[in-house]
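K.L.:
This is the structure, below, for whatever I ask next.
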Amino acid sequence: GIMSSLMGFPQKEKRLSKLLGIDHVLIVSGNSDQQPQVLHRLGQLLNSTLSMLLPDGRNVIAAMGGTTMAAVAQELTPVLSKDRQLLFVPARGGVGERVDIQANAICSQMAQNTGGEHRSLYVPENVSEQTYEPLLKEPSIKPVLDLIASANVVVHSIGGAMTMASRRHMPTEVVTKLQQDHAVAEAFGYFFDEDGQVVYKIPRIGLQILDLTEIPYVFAIAAGANKAKAVQAYMHNAPHQTWFITDEAAANSLLKGA
Ligand code: BG6
């Protein structure tokens with residue numbers, strides 16, 4: 001009814017945050033698997049939530065890539081820059097996906113839409129440790145890594161393990177290992193099984209999952225019934241202060257599976 005569409009879904013949000021073991025859940029109506037505009041609603045909700053929550057002054061926002069993040073980025077507005085200086089940085093290295101959904105592109109779009117600034121990180125995906133060790137000291141990379149380490153906000157999505165493995169063109173032996181280990185979720189380059197155990201990690205630089213505990217504002221944004229399983233698995237690792245922004249379809253599917 002009209003009230004529930006104005007008020008959101010307070011009861012479901014409460015039940016879901018309890019189920020997932022995190023502090024905050026926000027639900028928008030619809031199913032993003034069928035209605036792409038739902039992803040934009042997630043972005044609008046992120047915009048209003050950030051505008052309410054973020055402290056005045058300087059905020060360093062680390063963002064991940066992906067199609068969800070790309071849609072969300074389009075919905076941020078200059079309201080966020082009122083009394084604030086925003087600096088967007090890609091949360092991890094990882095040039096390798098389609099250019100328009102790379103974290104660098106997302107950060108640039110977010111900066112443009114809010115009137116903030118952004119920095120890029122140019123580090124290829126899947127390079128050996130010997131290759132990227134010296135890169136960490138590069139004058140074009142080190143300052144960005146320092147900024148990432150100082151982020152007070154993180155915004156990321158969660159993907160299905162196999163979807164992400166193929167989208168990233170991961171080597172066959174890794175895909176086989178992911179299958180053997182029953183990987184179902186991916187976030188930040190980490191792959192998780194149903195119980196939230198890390199079964200594989202892409203060796204990339206930047207934010208690590210353990211760093212999240214120290215970050216005051218963490219937003220996980222993932223929607224569509226298809227993502228329920230991945231969300232459930234990832235949330236075993238989510239820090240309690242996480243805000244999970246999702247749609248009704250994912251929420252219903254998660255609650256049904258409980
Ligand atoms: C990737 C992120 O770019 O997007 C992943 O690096 C995330 O951590 C994934 O899981 C989700 O993608 P999408 O397209 O489903 O939003």
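The numbers here are math on the coordinates, done by the rules we state, and not lab data. Quick caveat, the model's predicted, so the values are computed rather than measured. Here the Cβ positions follow ideal geometry from the backbone for every residue, glycine too, while neighbour counts run over all protein chains shown.
K.L.:
For the stretch 106-178, which trypsin sites (Lys or Arg not before Pro) pass both filters: DSSP loop (anything but H, G, I, E, B) and at most 11 other C-beta atoms within 10 Å?
P.N.:
Passing sites in the stretch 106-178 are Lys137.
K.L.:
Rg/Rh for the chain: what does it come to with C-alpha atoms and Rh from Kirkwood?
P.N.:
Rounded to two decimals, Rg/Rh equals 0.95.
K.L.:
Something else: Only counting other Cβ atoms within 10 Å, I'd like Lys227, Lys18 sorted with the fewest neighbours first.
P.N.:
Ranked by crowding around the Cβ, least crowded first: Lys18, Lys227.
K.L.:
Within straight cross-link reach of Lys142, meaning Cα distance under 25 Å, which lysines are found once same-chain residues fewer than 8 apart are removed?
P.N.:
Straight-distance partners of Lys142: Lys201.
K.L.:
With the cut-off at 22 Å, tell me which of the pairs Lys177/Lys256; Lys12/Lys256; Lys14/Lys82; Lys18/Lys256; Lys12/Lys229 have Cα atoms farther apart than that.
P.N.:
Pairs exceeding the cut-off: Lys177/Lys256; Lys14/Lys82.
K.L.:
Sticking with this one: Cut-off is 10 Å between beta-carbons; in what order do His40, His118, His240 appear when sorted fewest neighbours first?
P.N.:
By the 10 Å Cβ count, ascending: His240, His40, His118.
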